[in-house]
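We did not get these values from a lab; they are worked out from the coordinates using the rules stated. Worth saying up front: this structure is predicted, and the values here are computed from it rather than measured. Cβ sites come from the backbone with ideal geometry, for glycine too, and all protein chains shown count toward neighbours.
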Amino acid sequence: MTNIIHPKNVLTYGTYDLFHVGHARLLERASGLGDRLFVGVSSDSFNAIKGKECVIPYDDRAEIVAALRHVHHVFPENDWEQKVEDIQRYNIDVFVMGDDWAGEFDHLKAHCEVVYLPRTEGISTTSLKDRLYPLSGSSADEPRPASAKLR
Ligand code: C2G
């Protein structure tokens, strides 16, 4: 810890559904940019707004992220607009996202440092769903439920 009086606070957001190594590496690298990592985990209602349907419900996804040694605090992400408020509430120095969001949050540079980290290639929640679905015993010609198509 660089400065216990003014710990350097880092903030990131995500859905973290079917938690995988890409999520783990992003959180580990994000925590390395400061002393304390704050994570906004998308609520189920916010994911509906994002056009996503999760396999794992919010309470479990939040508990998994909170159990990680790199994570200092987890809170719900309910809408796109709450980020500036969260930056002020948690006294954030660095905002971090994977580079699939590159440029999307540059407007936050007015409030703190903004960093985009390279994603981990070859793994995603969508690819896990694609591999899991056939294993669910549904026959190939059975129409796939809409939720299976969501990222
Ligand atoms: N990630 C990664 N490598 C992967 C997959 C994801 O580094 N192979 C990163 C993403 O870039 C993101 C974080 O892991 O920073 C969480 O990814 P998702 O759960 O897919 O988050 P998303 O649904 O994109 O939510 O307000 C922002 C949104 O909440 C972001």
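Residues TRP80, TRP101, ranked from the fewest to the most other C-beta atoms within 10 Å, line up as TRP80, TRP101. When the chain is treated as a GNM with alpha-carbon contacts under 10 Å, the residue of ALA110, ALA66, ALA102 showing the greatest mean-square fluctuation is ALA110.
Computed from phi, the 3J(HN,Hα) profile of segment 24-32 under the Karplus parametrisation 6.51, -1.76, 1.60 (θ = phi - 60°) reads 4, 5, 5, 5, 5, 5, 4, 5, x Hz, with x in place of Gly and Pro. For segment 44-118, the dipole from Cβ point charges (+1 on Lys and Arg, -1 on Asp and Glu) about the Cα centre works out to 140 debye, to the nearest 20.
Full extension from THR126 to ASP106: what is 0.36 nm times the residue separation minus their Cα-Cα distance, to one decimal in nm? Please report the intermediate quantities before stating the final value.
Details: separation 20, 0.36 × 20 = 7.20 nm, distance 2.63 nm.
Extra length from THR126 to ASP106 when fully extended: 4.6 nm.
For the chain, a simple Cβ point-charge model (Lys and Arg +1, Asp and Glu -1, everything else neutral) yields a dipole of about 300 debye relative to the Cα centre. Calculated on C-alpha atoms, the gyration radius of segment 71-116 divided by its Kirkwood radius gives an Rg/Rh of 0.93. Selection among PHE95, VAL21, TYR58 by position relative to the dipole of the chain gives VAL21 as farthest towards the positive end (Cβ unit charges, Cα centre). Here the Gaussian network model covers the chain, with springs between Cα atoms less than 10 Å apart; of GLU28, GLU121, GLU63, GLU121 fluctuates the most.
According to the Kirkwood relation over distinct C-alpha pairs, the hydrodynamic radius of the chain is 16.5 Å.
For LYS8, the lysines whose Cα comes closer than 19 Å to its Cα, not counting residues fewer than 8 places off in the same chain, are LYS83, LYS109.
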